[in-house]
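First comes the structure, then the notes that go with it.
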Amino acid sequence: MIYWSIFLAFFIPGILGYGGGPASIPLVEKEVVDRYGWMTTQEFGEVLALGNALPGPIATKMAGYIGYMEGGILGSFIGLFASIAPSLILMVALMMTLMKYKDSPKVKNITKMIRPVIAVLLGAMTLQFFMTSAETSGGVQTVVLAVLSYWLLEIKKIHPAFVILLALVYGGLSGLF
Amino acid sequence: MVTEGKKGMEPRAGSALKINADLFAAFFRVGILGFGGGPSAIPLFHAEAVKKYDWMTEDEFSDTLALANTMPGPIATKMAGYIGYRIGGIVGSMTALIALVVPTVLMMILLLGALQQFKGVEWVNSMSAAVVPVVAVMLGVMTWDFVKKSGQSLGWPRAALLLGISVLLMEILHIHPVVLIIGILLIVLLGFRKGGRTA
C-alpha cells in the first residue's frame with residue numbers, strides 16, 4: 001500500500017536523523033531511491049537541488065514533494081506528517097523531563113556518536129552524485145563544473161540559489177548549441 | 001503584546017485569533033526566508049520568538065534549541081511546533097507548522113511540476129545534468145563539515161574509528177543505517193563503552 005510506504009519512507013529518516021533535516025537527507029535517499037525505487041539518483045539529485053535553492057526546511061520540502069508525486073495530496077500530507085509528527089511529539093512530551101538532563105553526557109553523546117555515521121552516508125552520496133555526473137556529462141565537464149561551483153559557493157560565498165540557476169542556464173545553453 | 005506577563009501559559013480565549021495570526025505571520029516569515037534548510041533558519045526563529053513577539057526569554061530559547069538538537073528529526077519543525085504549542089496549544093502548534101511548511105512545499109510541487117513537463121527535451125536534460133555536480137559539491141562540503149565536527153567533539157582517533165566502522169558496515173557489508181544508528185543509541189544510553197571510560 002502506497003500510503004503506508006510513504007509513511008515509512010519519511011518516518012524512518014525523521015526519527016533517526018539526528019542533527020536536523022539536512023542530516024536526514026541521505027536516509028531519505030536510501031528509502032526513496034534504494035528501497036522503494038520511486039526515483040533514480042539523478043531525479044533525486046534534481047529534487048534536492050531545487051529543494052536547496054528554495055527557502056524553508058529541506059526535510060519537509062522533500063517529504064511534501066515526494067509524497068505528492070507518489071500519492072497525490074493525501075500522499076504529500078502523509079509524507080509531511082511522518083517526517084514532522086513523531087519527532088515533534090517526542091519533543092513536546094520529553095521537554096519537561098529531559099530539561100533536567102540536557103547537560104547529561106549521555107544525551108550529548110548521542111548527537112556526537114551519530115555524526116560520523118551521517119558523515120559516511122553523506123560522503124557516499126557525494127561520490128554517487130559525482131559518478132552519475134561523470135556518466136551523463138563526462139569526466140572533464142564534471143570536474144570543471146564541480147571546481148567552479150566550489151569556488152562560487154565556498155570561496156565567493158554566492159547563494160546556492162544563484163549557483164544552481166547558473167548551472168541550469170549553462171546546461172540549457174550547452175544542450176542547445 | 002497579548003501574551004505580556006503570561007509567557008508560556010495557557011492561551012486566553014479572547015485572544016486566540018490574534019495569537020494564531022501572530023504565530024502564522026512569524027513562522028511564515030521563517031519558512032519563506034530561511035534558505036539553506038532548517039538549521040540555517042535558527043537565527044530567524046530567535047528573531048521572531050524572542051525579539052519580535054517576546055514569546056520566550058533568551059534562556060528559554062537556548063534551552064529549547066539545545067533540547068531540540070539532542071532529538072532526532074528536522075530541527076525547524078520541532079522548534080515551530082513546540083513554540084506554537086507553548087503559545088497557542090495544539091491549534092497554535094498546527095498553525096505554526098502549516099505556516100512554516102506549506103508555502104515552500106507548494107513552491108516545490110509547482111516548480112518541479114513545470115520542469116517535468118519538459119522532460120526528455122534535449123536542452124532540459126542537459127540543464128538538469130549540469131546541476132548534478134553542483135549538488136555533489138554541496139554534499140561534499142556538508143560531508144567535510146560533519147567529519148570536522150566529529151573530530152572536534154569526539155577527538156580524531158575516536159572519530160576516525162567510528163568513521164571506519166560506519167564505512168565498513170554500511171558501504172562494504174551494506175547494513176541498513178537504521179541498524180547502525182539504533183545500535184549506537186543503545187550503546188550510548190545503556191552506557192557500554194568500547195573505548196575506555198571517558199565521559
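The values are calculated or read from the model by the stated rules, or taken from the named source; none is laboratory data. These figures come from a predicted structure and were not determined experimentally. FYI the Cβ positions are ideal-geometry reconstructions off the backbone, even for glycines, and counts take in every protein chain you see.
Restricting the search to segment A:156-169, which residues are at the interface with chain B (Cβ under 7 Å from one of its Cβ atoms) and without any contact (Cβ under 8 Å) to a residue 12 or more places away in the chain?
Answer for segment A:156-169, where residues must be at the interface with chain B (Cβ under 7 Å from one of its Cβ atoms) and without any contact (Cβ under 8 Å) to a residue 12 or more places away in the chain: A:His159, A:Leu168.
Of the residues B:Val141, B:Val188, only one is within 7 Å of another protein chain (Cβ to nearest Cβ), assigned to a helix (DSSP H, G or I) and surrounded by fewer than 18 Cβ atoms within 10 Å (Cβ to Cβ); which?
Testing whether each residue is within 7 Å of another protein chain (Cβ to nearest Cβ), assigned to a helix (DSSP H, G or I) and surrounded by fewer than 18 Cβ atoms within 10 Å (Cβ to Cβ) leaves just B:Val141.
Kindly evaluate A:Gly21 against the criterion of being closer than 18 Å to B:Met108 by Cβ and modelled with pLDDT under 90.
yes
How many of the residues in segment A:41-63 are more than 7 Å from chain B (Cβ to nearest Cβ) and either surrounded by 23 or more Cβ atoms within 10 Å (Cβ to Cβ) or within 27 Å of B:Ala26 (Cα to Cα) (or both)? If you could, list the steps in order and put the result at the bottom.
Going residue by residue through segment A:41-63, those that are more than 7 Å from chain B (Cβ to nearest Cβ) are A:41, A:43-44, A:53, A:62-63.
Those still in the list that are either surrounded by 23 or more Cβ atoms within 10 Å (Cβ to Cβ) or within 27 Å of B:Ala26 (Cα to Cα) (or both) too: A:44, A:53, A:62-63.
Count: 4.
Answer yes if at least one residue in segment B:97-116 is more than 10 Å from chain A (Cβ to nearest Cβ), more than 30 Å from A:Pro105 (Cα to Cα) and touching an Asp or Glu at 6+ places or on another chain (Cβ under 8 Å), and no otherwise.
Taking every residue of segment B:97-116 in turn, none turns out to be more than 10 Å from chain A (Cβ to nearest Cβ), more than 30 Å from A:Pro105 (Cα to Cα) and touching an Asp or Glu at 6+ places or on another chain (Cβ under 8 Å).
Can you list the helices (runs of 4 or more DSSP H) lying wholly within segment B:1-110 that have 1 or more residues being buried (at least 22 other Cβ atoms within 10 Å of the Cβ), at pLDDT below 90 and aliphatic (A, V, I, L, M)?
Numbers: elements: B:16-33, B:42-46, B:58-70.
Filter on segment B:1-110 gives B:16-33, B:58-70.
Step by step: first the residues of segment A:129-140, then only those that are surrounded by fewer than 19 Cβ atoms within 10 Å (Cβ to Cβ) and assigned to a helix (DSSP H, G or I), then the one that is nearest to the other protein chains (Cβ to nearest Cβ). Which residue is that?
Step by step, filter segment A:129-140, then rank; the result is A:Thr136.
With the requirement that a residue be more than 13 Å from the chain's Cα centre (by Cα) and β-branched (Val, Ile, Thr), what does segment A:1-29 give you?
A:Ile2, A:Ile6, A:Ile12, A:Ile15
Out of the residues in segment A:64-84 that are of a type in the set (Val, Ile, Thr) and farther than 27 Å from A:Leu165 by Cβ, which is surrounded by the most Cβ atoms within 10 Å (Cβ to Cβ)?
Among those residues, the one meeting the criterion is A:Ile84.
For segment A:1-16, which residues satisfy the criterion of being buried (at least 24 other Cβ atoms within 10 Å of the Cβ) and either farther than 12 Å from A:Ala82 by Cβ or touching a Phe, Trp or Tyr at 6+ places or on another chain (Cβ under 7 Å) (or both)? First the steps, then the outcome.
First, the residues of segment A:1-16 that are buried (at least 24 other Cβ atoms within 10 Å of the Cβ): A:6, A:9-10, A:13-14.
If the condition is that a residue be buried (at least 24 other Cβ atoms within 10 Å of the Cβ) and either farther than 12 Å from A:Ala82 by Cβ or touching a Phe, Trp or Tyr at 6+ places or on another chain (Cβ under 7 Å) (or both), then A:Ala9 is the only one that fits.
When the residues of segment B:41-61 are filtered to those that are within 12 Å of chain A (Cβ to nearest Cβ) and in contact with a helix residue (DSSP H, G or I) (Cβ under 9 Å, 6 or more places away or on another chain), which remaining residue is farthest from B:Met94 (Cα to Cα)?
B:Glu60
So, A:Leu88, is that one at the interface with chain B (Cβ under 7 Å from one of its Cβ atoms), at pLDDT below 90, part of a helix (DSSP H, G or I) and surrounded by fewer than 18 Cβ atoms within 10 Å (Cβ to Cβ) or not?
no
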